[in-house]
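The structure appears right after this line, and notes come after that.
The values are calculated or read from the model by the stated rules, or taken from the named source; none is laboratory data. Since this is a predicted model, take the numbers as computed values, not measurements. Here the Cβ positions follow ideal geometry from the backbone for every residue, glycine too, while neighbour counts run over all protein chains shown. In case anyone asks, the SASA skips ligands and DNA or RNA and just uses the protein heavy atoms, side chains included. Shrake-Rupley method; radii C 1.70, N 1.55, O 1.52, S 1.80 Å.
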Amino acid sequence: MTESQSRYSIVERLTQKKLDIISETLELDDDVKRKEQKVEQLKKDMSEWENDIQQDIERTRRLKQREIDKVEISSENSKERKAAKENALKEKIKAIEKALERIEEISKTSPTN
């Protein structure tokens, strides 16, 4: 009977040891799966981040281009206003020169007292 109990005890311990090893193997599998999932999640996160960055770059590029376009239009408008103002000033100078010529003619022809 003792021998039978001893065998039973050995079988029980070996069976428990086998179950422990199987459990440990399953834990290793779970650990590997969790890490693989983590890798996949990080890859997905990185891809989304790259996409977000690309969208931000495009948005910023559009904003900068609009700013450039606005300033170019403003610059062109300033050039046009400058040209118009210069023409107006030239006309005023011509009018003043004409007035001075008339005064000079009048001065030449009129007697001086």
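Summary of computed values
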| read-out | value |
| --- | --- |
| Residue-averaged [θ]222 nm for the chain, counting only DSSP H segments that reach four residues, each worth -39500 (n - 2.57) | -37000 deg cm²/dmol |
| 12 Å beta-carbon shell around GLU86, net charge (K/R +1, D/E -1) | +4 |
| Stretch gain in nm, segment SER110-ALA83, where the contour uses 0.36 nm per residue and the Cα spacing is subtracted | 5.7 nm |
| Å² of accessible area per residue within the chain, as computed with a 1.4 Å probe and no ligands counted | 98 |
| For GLU27, net neighbour charge (Lys/Arg +1, Asp/Glu -1) across residues whose Cβ lies under 14 Å away | -2 |
| Table column - 3J(HN,Hα) (Hz), region 67-82, Karplus curve with 6.51, -1.76, 1.60, x for Gly and Pro | 4, 4, 4, 4, 5, 4, 4, 4, 4, 4, 4, 5, 4, 5, 5, 4 |
| Accessible surface of the chain, 1.4 Å probe, proportion on carbon and sulfur as whole % | 56 |
| Among ILE10, LEU89, ASN77 the positive-end extreme of the charge dipole of the chain (Cβ point charges) | LEU89 |
| Total lysine pairs under 26 Å (Cα atoms) in region 35-102, excluding pairs fewer than 8 apart on one chain | 16 |
| Answer label, with percent of Cα pairs over 26 Å apart calculated from the coordinates and candidates (i) 72; (ii) 21; (iii) 57 | (i) |
| Model label zone, ASP56; criterion: amide N under 16 Å from point 7 Å along Cα-to-beta-carbon; scope region 15-48 | 45-48 |
